[in-house]
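J.: Next up is a structure, given as structure tokens.
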Amino acid sequence: MPITFVLVELVAFLMAGVLLYEAWRAGASKVSTLLVGMLFGLAIEVFFVTQYSGYEYGHFLVQFLIDGSPIPLWVAAGWGSIIFTSMAATDRMGFAWWARPILDGLLAVSLDFTLDPLAEALGWWHWTRPGQFFNVPCDNFIGWVLIVSSFSFFTRLGFHFWPEGVKVWRDVLIPLVAVLPSVGLVAGAQVLLERIYPHVGEPLTFVALASVFLLITLVMTRNVRAETPPAWFLTGVPAVYHGLMLALLVGTGVGVQLPEALVGLPLAAISSLFAFRFPRCSHAE
């Protein structure tokens, strides 16, 4: 097994463990959101690997087989970690609960701009359809936005409308219940996207979706001031993931195969790190 497989697996589990400690310090609802986020990520992977067949994984140390196809558990841990970090970033920005999922999806996909090109190049997984972004299909990035935004929305919806004074099983049930409509929304969106792609194309569809999300975000955040200082992991988690990918880009020779990535991926990483700490001021004015 190549050392890069072991390395990314260990880093993902390490980040998940660190975030679990931070979630425990923050309260039961945060722990539940992180753990159920991992479960949700696992459910998404099972759905896409078995029903969609858009990609296939390489073999890792900790994995299980579904219909003969390996599904590594570090990927589920990564989903939960990224969802948790994205939601924590927007929780401190001071705008309405229903608006936060839009930015959650954009923050999450910003991490994948360096992850997926390296994963494809190093064989962590392989896409069975043509890729437009360093051999990665733009459909993948659309999926990231929709997957994270949907889980964030239904989880926040549950916490917002849960009856006051009824706290039994609240922290566990809300994220769990959010999984079903989130998976359903993503599955339905994929069917719709497959009908749109032949007419519009994946790159233009992603640009249109990201532009709408970004425009809404800019409108929502133009007067926003952070309510609390950023937690260390809002920079730490993105920095570890981006740093690992950029180190592998140079150290494994992938940058020689994809010279444009030596410019594009560092720019994507810098933009992502800035976004996770936005806005820069510490308190509302």
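The values are calculated or read from the model by the stated rules, or taken from the named source; none is laboratory data. Computed from a predicted model, the values in this text were never measured in an experiment. Glycine gets a Cβ as well: all are built from the backbone with ideal geometry, and neighbour counts include every protein chain shown. We work out accessible area using only protein heavy atoms, side chains counted, and drop any ligands, DNA or RNA first. Shrake-Rupley method; radii C 1.70, N 1.55, O 1.52, S 1.80 Å.
J.: Right, Asp67: of a type in the set (Asp, Glu) and open to solvent by 10 Å² or more (accessible area, probe 1.4 Å) or not? It would help to see each step written out before you state the result.
T.: On the way: of a type in the set (Asp, Glu): yes; open to solvent by 10 Å² or more (accessible area, probe 1.4 Å): yes.
For Asp67, the condition - of a type in the set (Asp, Glu) and open to solvent by 10 Å² or more (accessible area, probe 1.4 Å) - is met.
J.: Which of the residues belonging to the stretch 3-16 are open to solvent by 40 Å² or more (accessible area, probe 1.4 Å) and either without any contact (Cβ under 8 Å) to a residue 60 or more places away in the chain or aliphatic (A, V, I, L, M) (or both)? First the steps, then the outcome.
T.: Within the stretch 3-16, the first condition is being open to solvent by 40 Å² or more (accessible area, probe 1.4 Å), and the residues that meet it are 3, 7, 10, 13-14.
Ile3, Leu7, Leu10, Leu14 - these are the residues of the stretch 3-16 that are open to solvent by 40 Å² or more (accessible area, probe 1.4 Å) and either without any contact (Cβ under 8 Å) to a residue 60 or more places away in the chain or aliphatic (A, V, I, L, M) (or both).
J.: Return only the number of the condition from (1) part of a loop (DSSP other than H, G, I, E, B); (2) among the small types (Gly, Ala, Ser); (3) touching a helix residue (DSSP H, G or I) at 6+ places or on another chain (Cβ under 8 Å); (4) more than 23 Å from Phe47 (Cα to Cα) that Gly158 does not satisfy.
T.: (1)
J.: State yes or no: is Glu164 more than 19 Å from Met38 (Cβ to Cβ) and open to solvent by less than 40 Å² (accessible area, probe 1.4 Å)?
T.: Considered against the rule, which asks whether it is more than 19 Å from Met38 (Cβ to Cβ) and open to solvent by less than 40 Å² (accessible area, probe 1.4 Å), Glu164 comes out as no.
J.: Among Thr85, Thr90, which is the only one that is within 15 Å of Pro238 (Cα to Cα), open to solvent by less than 10 Å² (accessible area, probe 1.4 Å) and either at pLDDT below 95 or of a type in the set (Phe, Trp, Tyr) (or both)?
T.: Values: Thr85 fails: either at pLDDT below 95 or of a type in the set (Phe, Trp, Tyr) (or both).
Sole residue among the options that is within 15 Å of Pro238 (Cα to Cα), open to solvent by less than 10 Å² (accessible area, probe 1.4 Å) and either at pLDDT below 95 or of a type in the set (Phe, Trp, Tyr) (or both): Thr90.
J.: Moving on to the next point. Kindly indicate which of Pro137, Pro101 is touching a Pro at 6+ places or on another chain (Cβ under 8 Å), of a type outside the set (A, V, I, L, M), under 18 Å from Ala189 (Cβ atoms) and surrounded by 18 or more Cβ atoms within 10 Å (Cβ to Cβ). Break it down into steps so the answer makes sense when it comes.
T.: Numbers: Pro101 fails: touching a Pro at 6+ places or on another chain (Cβ under 8 Å).
Pro137 is the lone residue from the list that is touching a Pro at 6+ places or on another chain (Cβ under 8 Å), of a type outside the set (A, V, I, L, M), under 18 Å from Ala189 (Cβ atoms) and surrounded by 18 or more Cβ atoms within 10 Å (Cβ to Cβ).
J.: Considering each residue of the stretch 175-198, count those that are within 25 Å of Leu35 (Cβ to Cβ), free of Cβ contacts under 8 Å to residues at least 24 places away in the same chain and out of contact with any Gly (no Cβ under 9 Å at 6 or more places or on another chain), and give that number.
T.: 2
J.: Something else now. Quick check, is Phe159 of a type outside the set (A, V, I, L, M) and under 30 Å from Phe5 (Cα atoms)? Even if it seems obvious, please write down each step before you answer.
T.: On the way: of a type outside the set (A, V, I, L, M): yes; under 30 Å from Phe5 (Cα atoms): no.
Criteria not met by Phe159.
J.: Does any residue of the stretch 194-212 turn out to be modelled with pLDDT under 90 and surrounded by 13 or more Cβ atoms within 10 Å (Cβ to Cβ)?
T.: Taking every residue of the stretch 194-212 in turn, none turns out to be modelled with pLDDT under 90 and surrounded by 13 or more Cβ atoms within 10 Å (Cβ to Cβ).
J.: Look through the stretch 107-124, keep the residues that are out of contact with any Pro (no Cβ under 9 Å at 6 or more places or on another chain), of a type outside the set (Asp, Glu) and open to solvent by less than 30 Å² (accessible area, probe 1.4 Å), and return whichever of them is nearest to Ser211 (Cα to Cα).
T.: Among them, the one singled out is Val109.
J.: Next question. Cβ-Cβ distance below 9 Å, separation of 6 or more or different chains: which pairs start in the stretch 88-113 with a residue that is on the phi > 0 side of the Ramachandran plot and end on one that is hydrophobic (A, V, I, L, M, F, W, C) and open to solvent by less than 10 Å² (accessible area, probe 1.4 Å)?
T.: Gly94/Ala226
J.: Go through the stretch 213-257 and count every residue that is at pLDDT 80 or above and open to solvent by less than 30 Å² (accessible area, probe 1.4 Å).
T.: Number satisfying all stated conditions: 15.
J.: Return the total of residues in the stretch 42-64 being crowded, with 19+ Cβ neighbours inside 10 Å and β-branched (Val, Ile, Thr).
T.: So the answer is 2.
J.: Before we move on, is Val172 under 21 Å from Gly78 (Cβ atoms), touching a residue at least 60 places away in the same chain (Cβ under 8 Å) and part of a helix (DSSP H, G or I)? Can you show your working first?
T.: On the way: under 21 Å from Gly78 (Cβ atoms): no; touching a residue at least 60 places away in the same chain (Cβ under 8 Å): yes; part of a helix (DSSP H, G or I): yes.
So Val172 does not fit the description; no.
J.: Right, here's the next one. What pairs can you find where one residue is in the stretch 199-220 and in contact (Cβ under 8 Å) with a residue 12 or more places away in the chain, the other is of a type in the set (Asp, Glu) and open to solvent by 30 Å² or more (accessible area, probe 1.4 Å), and their Cβ atoms are less than 6 Å apart, with a gap of 6+ or different chains?
T.: Final answer for the pair search is none.
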